[in-house]
Amino acid sequence: MTKQVRQLDRVIIRFAGDSGDGMQLTGDRFTQETASFGNDLSTLPNFPAEIRAPAGTLPGVSSFQLHFADHDIMTPGDAPDVLVAMNPAALKANVDDLPDGAVVIVNTDEFTKRNLAKVGYGGDPVEDGSLSRLKVSPVPLTSMTVKALEDFDISKKDAQRAKNMFALGLLSWMYNRPTEGTHGFLKSKFAQKPEILAANLAAFQAGWNFGETTEDFAVSYEVKPARLAPGTYRNITGNVAISYGLIAGARLSGLPLFLGSYPITPASDILHELSKHKRFGVRTFQAEDEIAGVGAALGASFGGSLGVTTTSGPGMVLKAETLGLAVMTELPLIVIDVQRAGPSTGMPTKTEQADLLMAMFGRNGESPLPVLAPRSPSDCFDIAIEATRIAVTYRTPVIVLSDGYLANGSEPWRIPDVGGLPDLSVEFTTAPNGPDGGFLPYHRDPETLARPWAVPGTPGLEHRIGGIEKSSGSGDISYSPANHDLMVRTRQAKVDGIARDIPPLEVDDPTGDARVLVLGWGGTYGSIGAAVRRVRRAGGHVAQAHLRHLSPFPANLGEVLRAYDRVLVPEINLGQLALLLRGRFLVDVIGYTKVRGLPFKAEELAGVLQEVIDRGE
Amino acid sequence: MKLVPRADVSYKMKDFKSDQEVRWCPGCGDYAILAAFQGFLPELGVPRENIVIVSGIGCSSRFPYYLSTYGMHSIHGRAPAIATGLAASRPDLSVWVITGDGDGLSIGGNHLIHALRRNVNINVLLFNNRIYGLTKGQYSPTSEPGKVTKSSPMGSLDSPFNPVSLALGAEAGFVARTVDSDRKHLTGVLRAAADHEGASFVEIYQNCPIFNDDAFEPLKDPAERDTRLLRLEHGEPLLVGADRGVVLGEYGELGVADVAEVGEERILRHDAHRADPGYAFALSRLDYPAFDHVPVGIFRDVARPTYDELMAEQLGEAQAVQGRGELAGLLASGDTWTVD
């Protein structure tokens, strides 16, 4: 039987199942297949904080959404075209997100009375017509997998567990994905378990063959590779990109990398990733707590390393005191806060961008430091290098505000040419700088206002630093009112001066006649960008700008804000950037905020933008 | 100390005195400790620039300013954490942590035990005056129960830490106790602590003349001290004065008995090198909580691999097996595809 192949320009697929069903793995494999095929893509993993919530319940549902296309895209997509639901809970948790006509593949084996009752279904939605607005394909995924594996010498449980590979095989067939990568992946994952490997490969193949032979699926789809800029690509998540950026930053600055960290979701993967790269001279220290993590990093910086600490919101709070010490001692330090929904423990696996004001002000005293935020998973690489540059040039702690969505989400990344990365080489101070051959640890570079970085082991430059106020120049303890005033203002001036050294804010305003500017920061870049495209396609005029530098702001920000009639600031918090902009520039920006633990949907933002545009007409 | 360079100049005590005015209360035990430390550093034989003093907050934590080495006066209780990052990344440094009973055992208790457990190559000097000095006289984690202070007008309800027991409980490889006023003993302990590879912990009984004066007077009074001090010398009998000694009890606990009663052969000889920390721990409980017989000297001196060595070994091994990291290769690792 020859099946029809239909061309599509983009598809959004969501895999959903129980936490134990391997949905993240399935999604990740499908992503890798899609990446190697050459589509542009963007992903959104969404999983519970519980390791294994009770099977078959709504809190246990784990999902992975992938948007792929033959053109460049900016978000994981608003609404899935296809949902793979491994059980009734997965269906119930996701069905409301589906637009009419969406395809739903349900694993009917799991649609038992008991499982349906567990999530409050009175009857079987697959059969009672309640899903009539959707195209439902009932597939007994579990039993077919078990049947396909009956000749293997594995337990029934292991056979059932392979159902995600069956589903992956089926979807791989449906969308003509290359399968070599998944074969290779399984071979390395189960290298020590040949029987399980063979079973998983067989389940994957069975899923593929099922698609090929069954009449239920008469059509398969093809999404052509995207026309991306020439180069070598790989798929990358924000956490891996930050890790690579830190390793690169250390190499470019010629400093050994030292990570002091305490495990916390969703930042832990940076610790995991960096721990793998000891051959790069990377020292990773899993500390006893968040305070020790940043303390050890600062100690390493004092000794001449690039000290880094990684954490998420609640851990960031604990690091505040040490950040103050880093501000006071004026040592380079990189602090990565992968924001998550708060306050307190909040929703550990859900995204938010509500730590901005804490990063700006969450310390005692006047305690300024640079704050950066990456705008996409791959931008995490560049932001880590930029954080390194600022930290080592200005001798200051730098906070990077990533978020859960960037951390776990992925997209294709054009691998940069190492030769084209900036030279960040650092020269430690090795000679006395005082009038009488002495050393003045707080004698500043007139350009950057940075103080010398003289590391222990350097003869003749022995000195003491610390959290107590120091006399300008000599670094002796000082309680002089005038000196404190000078030092407070100088530390602020040092951070403010970085604005001279960062690119001006670029505004994307293709027609040049937009009256409305949408200004965002951090991980909302994709959603805002996609919304802007929609508005423009519909004939609307809107300018877009996105901040990667939040402290200091780019030098032209005030000018940009004042150039438009209205400025819309969408944020996944209650208006933190908006507060800063109003306070700093006296511009009455319009906030649009949502805190649902999820990224903005492009369609929704487009609507808001259109409203703001219409208001002026 | 293996990677710490040796000084090629011979220093004098004055070489380690900084130009800063020392500002402790008159009569503070910190002066004696500072003098002993400055006097000891020349014999450490380490270049001045390779010595780093890291302190927390408190009277004792002003220490770094008074030494012409590298130093960091950090934040409350966190000196061991900061020193950990420094020592783990710079095995060529001799790193000293100066802390007090409040700093090290209260706010910084967690960091202290973990630095000891990991065997980071640092020397921790804990000045114990059994009171909060800098915050003006509240009870500390080592104050005796019932201690009347501004924050405990009816007497402290807290049960105190025995710092030596705590350090041994964290399995520190080197644990010692000494007294601020006994410069010779103090210097000997510093020397042994510096010689020890890995974390060493030294409790120094230190007098606070303002808020807890004479807390250790019975151990200092020449007439009385010999009847109270149990001087720990490796290989020597454990004697308090001439006529009392340490004997092993039925359940492995240690007790003090009259030598004449139990016979000389039952008096234990000190063994600081026992791998099992149980014996040293039993010794540390002898004086608790009274001062009838106070062990001073080195409780335990046992070598085990240090954290910085193990960390460096892993880096070396990774490079030996996989080669030195190459950035372009790392960035292009995993599944890649090329667009022409």
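Within the bounds of the stretch A:586-603, is there any residue that is part of a helix (DSSP H, G or I), outside the structural domain of residue A:74 (by the TED database) and surrounded by 20 or more Cβ atoms within 10 Å (Cβ to Cβ)? Yes, the stretch A:586-603 contains a residue that is part of a helix (DSSP H, G or I), outside the structural domain of residue A:74 (by the TED database) and surrounded by 20 or more Cβ atoms within 10 Å (Cβ to Cβ). Evaluated against (1) surrounded by fewer than 18 Cβ atoms within 10 Å (Cβ to Cβ); (2) more than 7 Å from chain B (Cβ to nearest Cβ); (3) more than 20 Å from residue A:367 (Cα to Cα), residue A:459 falls short on exactly one condition, (2). Checked against the criteria, residue B:63 does not count as more than 14 Å from chain A (Cβ to nearest Cβ), within 16 Å of the chain's Cα centre (by Cα), in contact (Cβ under 8 Å) with a residue 24 or more places away in the chain and not in a loop (DSSP other than H, G, I, E, B). Exactly one residue out of A:565, A:509, A:501 is within 28 Å of residue A:387 (Cβ to Cβ) and either charged (D, E, K, R) or surrounded by fewer than 18 Cβ atoms within 10 Å (Cβ to Cβ) (or both), and it is A:501.
Collect the residues in the stretch B:104-137 that are part of a loop (DSSP other than H, G, I, E, B) and touching a helix residue (DSSP H, G or I) at 6+ places or on another chain (Cβ under 7 Å), keeping them in residue-number order. Even if it seems obvious, please write down each step before you answer.
We begin by selecting, within the stretch B:104-137, every residue part of a loop (DSSP other than H, G, I, E, B); these are B:108, B:119-121, B:129-137.
B:108, B:119, B:120, B:121, B:129, B:130, B:132 - these are the residues of the stretch B:104-137 that are part of a loop (DSSP other than H, G, I, E, B) and touching a helix residue (DSSP H, G or I) at 6+ places or on another chain (Cβ under 7 Å).
Residue under question is residue A:229, and the condition is that it be within 10 Å of chain B (Cβ to nearest Cβ), assigned to a loop (DSSP other than H, G, I, E, B) and within 18 Å of residue A:420 (Cβ to Cβ); does it hold? Give the derivation first.
Working: within 10 Å of chain B (Cβ to nearest Cβ): yes; assigned to a loop (DSSP other than H, G, I, E, B): yes; within 18 Å of residue A:420 (Cβ to Cβ): yes.
For residue A:229, the condition - within 10 Å of chain B (Cβ to nearest Cβ), assigned to a loop (DSSP other than H, G, I, E, B) and within 18 Å of residue A:420 (Cβ to Cβ) - is met.
As a summary of the residue check, residue A:312 satisfies the conditions (1) open to solvent by 10 Å² or more (accessible area, probe 1.4 Å); (2) touching a residue at least 24 places away in the same chain (Cβ under 8 Å); (3) not aromatic (Phe, Trp, Tyr) except for the one numbered (1).
Tallying residues that are at the interface with chain B (Cβ under 7 Å from one of its Cβ atoms), under 17 Å from residue B:114 (Cβ atoms) and in contact with a Gly (Cβ under 8 Å, 6 or more places away or on another chain) within the stretch A:259-286 yields 2. Screening the candidates B:97, B:120 for the property of being within 14 Å of another protein chain (Cβ to nearest Cβ) and within 12 Å of the chain's Cα centre (by Cα) yields one hit, B:97. Scanning the stretch A:383-411 for residues that are surrounded by fewer than 24 Cβ atoms within 10 Å (Cβ to Cβ) and within 13 Å of the chain's Cα centre (by Cα) yields a total of 0.
Among the residues of the stretch A:328-372, write down those that are under 26 Å from residue A:453 (Cβ atoms), in contact with a helix residue (DSSP H, G or I) (Cβ under 7 Å, 6 or more places away or on another chain) and either open to solvent by less than 10 Å² (accessible area, probe 1.4 Å) or at pLDDT below 95 (or both). Across the stretch A:328-372, the qualifying residues are A:331, A:332, A:333, A:334, A:335, A:336, A:337, A:369, A:370, A:371, A:372. Would the stretch B:172-193 turn up any residue that is among the hydrophobic types (A, V, I, L, M, F, W, C), surrounded by fewer than 24 Cβ atoms within 10 Å (Cβ to Cβ) and not in a helix (DSSP H, G or I)? No, that holds for no residue.
One residue is enough: does the stretch B:34-48 have a residue meeting the conditions within 13 Å of chain A (Cβ to nearest Cβ), open to solvent by less than 10 Å² (accessible area, probe 1.4 Å), under 26 Å from residue B:308 (Cα atoms) and touching a helix residue (DSSP H, G or I) at 6+ places or on another chain (Cβ under 6 Å)? Yes: one or more hits.
Note on the stretch B:294-340: residues that are open to solvent by 30 Å² or more (accessible area, probe 1.4 Å) and either more than 7 Å from every other protein chain (Cβ to nearest Cβ) or within 30 Å of residue B:275 (Cα to Cα) (or both) total 18. Considering (1) β-branched (Val, Ile, Thr); (2) more than 10 Å from chain B (Cβ to nearest Cβ); (3) open to solvent by 10 Å² or more (accessible area, probe 1.4 Å), the lone condition that residue A:240 does not fulfil carries the number (2).
The values are calculated or read from the model by the stated rules, or taken from the named source; none is laboratory data. Please read all numbers here as calculations on a predicted model, not as lab measurements. Positions of Cβ are generated from backbone atoms using ideal geometry, with glycine treated the same way; all protein chains shown enter the neighbour counts. Note: accessible area is taken over every heavy atom of the protein model, side chains too, but ligands, DNA and RNA are not part of it. Shrake-Rupley method; radii C 1.70, N 1.55, O 1.52, S 1.80 Å.
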